[in-house]
Amino acid sequence: MKNHNQITEMLEIYRQNPEKGFALIYQAFSAPVFRYLRNSFTLSREEAEDILHNVFLPWVQNPQKFATVENPTAYLFTSARNAALKKRAQPREQSVTVEPASHGHENQVEDAMLISRALSALPEEQKEAVVLKVWTDMTFEEIAEVQQCSLQTVASRYRYAIARLKELIPWNR
């Protein structure tokens, strides 16, 4: 994830040249938002891609509106979260599982499945806090903005989630 100065520079480029700025913003945020959608909401690859594109589409369609955004990290993750929650409320035809990140080595696949099962055992808000912190490297302040709660609440959710994951995952195999 980009630091504050890099994000400020991207926004300035976006304000001056929306096409070039959008390319930088998309390059910086598309992969972390995608991972967040896949791992926090257990969406299929196709569902996550659809939401991802819908989150970024307005930035192309209406650059004047988005030129005033001060915190694209919070804005994009909040938009993705809202779209994923809306998607989840729709009836589903089949259940979806998280795909392992690697198809190469048996241990990596086994570990990915173990982590996926452990994450799915967590309450929704705790799982989301872990995914945002670990996979997207967001700060607790940014996570609080996305989850629309206090900094202390996010810290507690994360702490409880990590404690529970330590119980669920056998680290010394």
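The values are calculated or read from the model by the stated rules, or taken from the named source; none is laboratory data. Computed from a predicted structure; not experimentally measured. Cβ sites come from the backbone with ideal geometry, for glycine too, and all protein chains shown count toward neighbours.
Search region 67-79 for residues being surrounded by 11 or more Cβ atoms within 10 Å (Cβ to Cβ) and assigned to a loop (DSSP other than H, G, I, E, B), and hand back the single one that is farthest from the chain's Cα centre (by Cα).
Only one residue tops the list, namely 67.
Hey, among the residues in region 1-54 that are of a type in the set (Ser, Thr, Tyr) and closer than 30 Å to residue 123 by Cβ, which one's nearest to the chain's Cα centre (by Cα)?
Top of the filtered list is 36.
Give all pairs with beta carbons closer than 6 Å in which a residue from region 29-49 that is not assigned by TED's automatic domain parsing to the domain that holds residue 146 meets a residue that is polar (S, T, N, Q); count only pairs at least 6 apart in sequence or on separate chains.
Matching pairs, first to second residue: 32/136; 36/136.
Looking at region 137-173, which of the residues that are within 25 Å of residue 30 (Cα to Cα) and of a type in the set (Ser, Thr, Tyr) is surrounded by the most Cβ atoms within 10 Å (Cβ to Cβ)?
The extreme case among them is 158.
For every residue, the table says whether it meets (1) outside any helix (DSSP H, G or I); (2) surrounded by fewer than 18 Cβ atoms within 10 Å (Cβ to Cβ); (3) touching a Ser or Thr at 6+ places or on another chain (Cβ under 9 Å).
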site: 10; (1), (2), (3): no, no, no
site: 38; (1), (2), (3): no, no, yes
site: 49; (1), (2), (3): no, yes, no
site: 52; (1), (2), (3): no, no, yes
site: 65; (1), (2), (3): no, yes, no
site: 81; (1), (2), (3): no, no, yes
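In region 60-85, what residues are of a type outside the set (Val, Ile, Thr) and in contact (Cβ under 8 Å) with a residue 60 or more places away in the chain?
Of everything in region 60-85, those that are of a type outside the set (Val, Ile, Thr) and in contact (Cβ under 8 Å) with a residue 60 or more places away in the chain turn out to be 71, 72, 74, 77, 81.
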